């Protein structure tokens, strides 16, 4: 999802929760019929990414716990791009999760409990234990991200695991520009258009309740209430009023790129063949040669 779309969605969710704006529909589409009224429509007539050309900023986060959900199809438990490597062991008692470095929900290290890890197999929950698992149980190894089950996994179905990672990357995309909020009401509802537009302005002025990342928002223009003429988008005869805001927004995306993933192969390309001593200099010479990579089981 782009930063611009994320901003529109976050603002729509914010306004939809405000009791003073009910029963208006909030979204990015202009109303098509009278049944769509009243409505609050959001758009970005002017927007730019701050510091263009430099790319998104990324920071390594190591002081928290990032919630992650992994889904593994037991009928096709393979990594994208690695069709020969199964995440499920041959005896179907072990499963490799996409990430290692799991932590507890409070970001501390240690054995995982039910609050830190939830696992289901084909819709049936498994109890998390830290000893050899029995039927209906699962034993995690949080450091490397593996799950050991007390009974073989079925051939079909889905394993769903919810867990927390102690390290991830946060990418930030800063935006600035103008936000246009169009209030749409029925044609015989002039007071409603005024009341609804004032409620929108109040909701946008509530700094403590604004979506995360919206650093600055200020009313820049408040238009007059107009009537939609025949042929214009929307129900003819309905009323509209536009509010324009200037804003600054930082879109954050947390990705577990740095958490550590599945290790399939460790290439060992060196082998010690011989050593010799140079009698003239007393130097020790070591001869090396290469061999083929060694496959290491997960």
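The values are calculated or read from the model by the stated rules, or taken from the named source; none is laboratory data. Here the structure is a predicted model, which is why all the values come from computation and not from measurement. We place every Cβ from the backbone using ideal geometry, glycine too, and count neighbours over all the protein chains shown.
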> If you scan region 140-158, which residues turn out to be in contact (Cβ under 8 Å) with a residue 40 or more places away in the chain, part of a strand (DSSP E or B) and surrounded by fewer than 18 Cβ atoms within 10 Å (Cβ to Cβ)?
Replying inline: 148, 158
>> Let me confirm something: among 176, 132, which residue is more than 25 Å from residue 63 (Cα to Cα) and assigned by TED's automatic domain parsing to the domain that holds residue 45?
In response: 176
>> Among the residues of region 169-176, are any crowded, with 16+ Cβ neighbours inside 10 Å, closer than 29 Å to residue 34 by Cα and modelled with pLDDT of 90 or more?
In response: no
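Within region 17-39, identify whether any single residue is closer than 30 Å to residue 107 by Cα and modelled with pLDDT of 90 or more, and answer yes or no. First the steps, then the outcome.
So in region 17-39, the residues closer than 30 Å to residue 107 by Cα come out as none.
There is no residue in region 17-39 that is closer than 30 Å to residue 107 by Cα and modelled with pLDDT of 90 or more.
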>> I'd like to check something: does region 217-240 contain any residue that is over 19 Å from residue 28 (Cα atoms), modelled with pLDDT of 90 or more, under 29 Å from the mean Cα position of the chain (by Cα) and assigned by TED's automatic domain parsing to the domain that holds residue 34?
In response: yes
>> So residue 85 ticks every box in (1) touching a strand residue (DSSP E or B) at 6+ places or on another chain (Cβ under 8 Å); (2) assigned to a loop (DSSP other than H, G, I, E, B) but one. Which box is left unticked?
In response: (2)
